[in-house]
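**Student:** Can you keep this structure in mind? I'll have questions shortly.
Coordinate-derived values only; no laboratory data. Note that the structure is predicted; figures quoted are calculated from it, not measured. Note that each Cβ is placed from the backbone with ideal geometry, even for glycine, and that neighbours are counted across all protein chains shown.
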Amino acid sequence: MTTVSVLASPSRYVQGKNAIAELGTHLKGLGRKPLLVADDIVWGLVETSLSAGFRAEDLPVTRVGFGRFTTPAAVDALVEKIRSGEHDVIVGVGGGSAIDAAKAAGHLAGVRWASVPTAASSDAPTSALSVIYTEEGEFIEYRFFPRNPDLVLIDTQLVAGAPARFLVGGIGDALATWIEARATERGQGTAMAGGRPTRAGTALARLSWDILWENALPALDAVRAGVVTPALEAVVEANTLLSGLGFESGGLAAAHAIHNGLTAAPQTHGLTHGEKVNIGSVTQLVLEGAPTQEIEDFIVFTTRVGLPNTLTEVGLSPQDTKELQAVAEAATAAGETIHNLPFPVTAEDVVAALVVVEGLARRVRAEHGLPEPVKYVAQH
C-alpha cells in the first residue's frame, strides 16, 4: 500500500461571465490548430462568441460533432481526426462525454487538450481521467492519463442559461466528494491521482461541501431566472474546480462505485451522472452507519435541491432483487473505489443498504413535509 500522497490539477482554470469569448486568448499558447469537439446543440450556443474570439487571435475554427457517450469507438474516431487534420490541441466543449472523449483522444494522439464545459453538471473537466461507456451508457472503465487538462474554461452565463437539472446533477456529484474523501482519508486506499489523499485535496473536498450547503438553493434560483449571481459563481466553482480537485486528490469511495453499478440497470438510463451518484451518497452514509442526524439532514437538503434519494426516483424498488444484486456486484468488483472505505464491503452489504434507503428517505421526507418520491421511467 502506497504512502506517497499526490495532488493533481489542471494547468489553468478560467471561470466567469462570457468567458467563452476569451477561449481563443487562453488557447493560443497551447496550439495554433485546435480541433473543437461539440454536438450541434452546444455549438449553436457557443459558435458566435467563440468564433469571434478565435478570429481575434487568428485561430482557425474547426469543429467536429459528438454523440451521446464516450465510447472506445468515439475516442478512436477523434484520434483519427486529430492526426488527419494535423491538429495540435483538442478542445472538448459541452458535457462530460465530449470532454472525456477529447481528453482520451488527446492523450492517444499525443497533443494537448482543454475542457470547456457549458454546464456545471460534473467535476470531470479538471481531471486526468476519462470514463468510458458502451453505446448503451453502461460503465466500462476509467482511463487514466499522466497529466490533467492544460486549460479548463467555464462561462457562467452559459451555465445560467442551461437547464437547472444540469446544475442539480453537478451538485449531486460534488456533494459526494467530501463524503468519499473523508472515508478514503480514514482508510488505506488511494485517490485517483495515484497516491494517498493530500491534505489539500481533502480540504478542497470539504470546502466544496460547505459552499454547496450555503449556496446551492440560491444558485438554482439564479439559473431558473437565467442570470449570474455570486451564489451561482460559488456553486460553479464548487461543482467544477473544488470538487474536481477534491475527488481526484482526495479519493472516491462507495458513492461513485454505486453510480457505476447503477449504469448497468436499464431502468436508470437517462438520469444524469450526479443524480445516480446521489443515490450512492445516501447508500454510503447507510453503509458507514453515519449519525442519524447527518443522514436525515442530507436527505432533506438533497430533496430540496431536487436530487433523488430513493430507489423509486431512479426507476427501481426494493423488490427489484435481481437488478439490485447486479448493481451491488458491479459496485463491489475488484478494483472499484468502494474498497477505499475503511472496512470490508460485500455485495450483500450494498443490497441491504440500497433496500434500507427507500424506506429511510420516505420516512424523513414525510416527517419534514417534503414531497413523496415520483417514480422515474426511463425512455427506451
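**Student:** Over the chain, what lengths in whole Å, largest first, do the semi-axes of the equivalent ellipsoid take, defined as the square roots of 5 times the eigenvalues of the alpha-carbon gyration tensor?
**Tutor:** Numbers: eigenvalues 220, 97, 77 Å².
After scaling each eigenvalue by five and taking roots: 33, 22, 20 Å.
**Student:** In debye to the nearest 20, how big a dipole does region 13-160 give about its Cα centre with +1 on each Lys and Arg Cβ and -1 on each Asp and Glu Cβ?
**Tutor:** For this selection, approximately 440 debye.
**Student:** A further question follows. Based solely on its DSSP helices, what 222 nm [θ] is calculated for the chain when runs of n ≥ 4 H residues each add -39,500 (n - 2.57) and the sum is averaged over all residues, nearest 500 deg cm²/dmol?
**Tutor:** Numbers: 14 runs with 193 residues, N = 380.
The helix-only estimate for the chain comes to -16500 deg cm²/dmol at 222 nm.
**Student:** What nm distance separates the two modelled labels at residue 11 and residue 356, each placed 7 Å from Cα along Cα→Cβ?
**Tutor:** Result for the modelled spin labels: 4.8 nm.
**Student:** Sticking with this one: Under DSSP H, which helices of the chain have Cα atoms covering 18 Å or more of the helix axis and a Kyte-Doolittle average no less than -1.0?
**Tutor:** Flagged H segments are 40-56, 72-85, 96-109, 164-186, 199-225, 273-288, 292-305, 347-367.
**Student:** Can you list residues from other chains, or at least 5 along the same chain, whose modelled amide H is less than 5 Å from the amide H of residue 196?
**Tutor:** Residues meeting the amide H criterion: 4, 5, 6, 191.
**Student:** Please count, across the chain, the pairs of lysine residues with Cα atoms under 21 Å apart that sit 8 or more places apart or on different chains.
**Tutor:** 9
**Student:** When the dipole is taken about the Cα centre of the chain, and only Lys, Arg (+1) and Asp, Glu (-1) are charged at their Cβ, what size is it in debye, to the nearest 20?
**Tutor:** 760
**Student:** What FRET efficiency would be calculated for the residue pair residue 366, residue 186, taking the C-beta separation as r and a Förster radius of 30 Å, to the nearest 0.05?
**Tutor:** So, using R0 = 30 Å, E works out to roughly 0.40.
**Student:** While we're on this one: Where the only charges are on Cβ atoms (+1 Lys, Arg; -1 Asp, Glu), what is the dipole of region 200-303 about its Cα centre, to the nearest 20 debye?
**Tutor:** 300
**Student:** For the residue pair residue 4 and residue 329, what label-to-label distance in nm results when each label sits 7 Å from Cα along the Cα-to-beta-carbon direction?
**Tutor:** Roughly 3.7 nm, to one decimal.
**Student:** If we sort 204-216, 43-55, 87-99 on the protection proxy, mean other Cβ atoms within 10 Å, highest first, what's the order?
**Tutor:** 87-99, 204-216, 43-55
**Student:** Please state, to two decimals, what the Cα-based radius of gyration of region 256-380 comes to when divided by 2.2 N^0.38 Å (N = residues). Provide the component values of the computation, followed by the final result.
**Tutor:** Values: Rg = 13.4 Å, N = 125, 2.2 N^0.38 = 13.8 Å.
Ratio of Rg to 2.2 N^0.38 Å for region 256-380: 0.98.
**Student:** Please work out how much length the chain gains when fully extended from residue 348 to residue 32, using 0.36 nm per residue of separation minus the C-alpha to C-alpha distance, in nm with one decimal.
**Tutor:** Here the answer is 108.4 nm.
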